[in-house]
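Notes for the one structure printed next.
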């Protein structure tokens, strides 16, 4: 419980820092999506240093030396936990079918998949519908705001950062009472998530591109697609002023 409260405090501090920093524009040539670019680049370099020296080596070892069935079971277990909050967020977005399927996935995988270690729901046609609180805010018209890079947590936006206290306080891993088990679960989830991104990060490292700009643009597009369930409108500037209006296609 103490860790959960401390994470709440960290999340709240990050939100406050982000909101205070949004008033610091970088000049007339600043990317409208990224007015905090100088600060964001510094944080991104810090994150890259931590990743290069800690996370990537550990994740690579996990991928290369851990039996694949065990890796799959770990991923399934944490996906099942996230499906609980996907159910809630689908409900908050008034998505009836998605809410029902997400709920049934949790029930089936928890009971028959041994707490989600085995994904029994997908083979019987219960698809995943991942949703989070940031997407829910976007669904109801809350603008994403500027792009933000958070220490250790990585790419975000003001909208997504604002829900971190809520996400931390409802995190099943952080709320677990047995400290040793909680710490093991936290490390396992972090390593599993990083391992799933190894191929993507290897491509970025080997490409002759500005990694920061590519990551920023990809993340913003990815979140936009998530909010609109893969079908973003041609022009959503009323919901997100950071998105450039699409050029009307000829008819």
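Nothing in this text is a laboratory measurement; each read-out follows from the coordinates by a stated rule. Quantities reported herein were computed from a predicted structural model and do not represent experimental measurements. Counting neighbours? That spans all protein chains shown, and the Cβs are built from the backbone with ideal geometry, glycine included.
What to note about this one:
- Sorted peptide list for 57-65, 157-165, criterion being average Cβ within 10 angstrom, highest first: 157-165, 57-65
- Highest mean first, the peptides 80-92, 34-46, 221-233 sorted by other C-beta atoms within 10 Å per residue fall in the order 80-92, 34-46, 221-233.
- Each listed q (0.13 Å⁻¹) maps to a log10 I(q)/I(0) for the stretch 34-184, found by the Debye formula over equal Cα scatterers with no solvent: -0.80.
- Peptides 209-219, 187-197 ordered by packing proxy, namely the average of other Cβ atoms within 10 Å per residue, highest first: 187-197, 209-219.
- The stretch 41-93 and the stretch 177-191 have Cα centres spaced 13 Å apart.
- Cα-Cα separations in the stretch 119-207 greater than 23 Å, expressed as whole percent: 46
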